[in-house]
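Just below is one structure, and these are the notes that go with it.
Bear in mind that the values in this text are calculations on the coordinates, not laboratory data. As the structure is a prediction and not an experimental result, all values here were calculated from the model. Because the Cβ atoms are built from the backbone with ideal geometry, glycine has one as well, and the counts that use them run over all protein chains shown.
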Amino acid sequence: MRVSPQKARLVLDLIKGRKVEDALNTLAFTKKRVAPTIEKLLRSALENANYLSGEKNIDVDVDNLYVKRAVANDGPRMKRIRPAPMGRAFRYVRRISHIEIELAERNKSGEAVAHVVGEEEKSAKPAKTPAKAKAKRRAPAKKKAVGAKK
């Protein structure tokens, strides 16, 4: 999107953590230029979730979806030149942002159930380091005296 990431984050912060219906209503009445684009992106994510529930047979309740993550990152910058007095030129930068929206399903008690955009779940137990690896650690090397001759 041809908007600076800072301006896009202002709108994305309004919808983070909200239900999809509330987020769509918020975007419909937001007076920022980037709001219709974010609304279009949110509708696309909603249709992707609907596709997963209908065609791929993944249990997704579209009514319980909420905006889990919404970020705007820097994209490539376009360098432009503006004419200035006395034959000079001023350089300026047109910023582009990459906007990402991730939806997740929340059950009635408020806990997250499943991710629509998949992230791998990490195991609850951390990996243990073997005892031998701890025993093999060496003490740090001693420093040489300054000005010592051999």
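Between LYS31, LYS16, LYS79, LYS68, which is under 21 Å from the mean Cα position of the chain (by Cα) and surrounded by fewer than 17 Cβ atoms within 10 Å (Cβ to Cβ)? Break it down stepwise before answering.
On the way: LYS31 fails: under 21 Å from the mean Cα position of the chain (by Cα); LYS79 fails: under 21 Å from the mean Cα position of the chain (by Cα); LYS68 fails: surrounded by fewer than 17 Cβ atoms within 10 Å (Cβ to Cβ).
Within the list LYS31, LYS16, LYS79, LYS68, the selection yields LYS16.
Residues that are among the hydroxyl-bearing types (Ser, Thr, Tyr), in contact with a helix residue (DSSP H, G or I) (Cβ under 7 Å, 6 or more places away or on another chain) and closer than 18 Å to ASP63 by Cα do occur in the stretch 16-26, at least one of them. Among all positions in the stretch 1-12, there is no residue which is over 24 Å from PRO76 (Cβ atoms) and crowded, with 18+ Cβ neighbours inside 10 Å.
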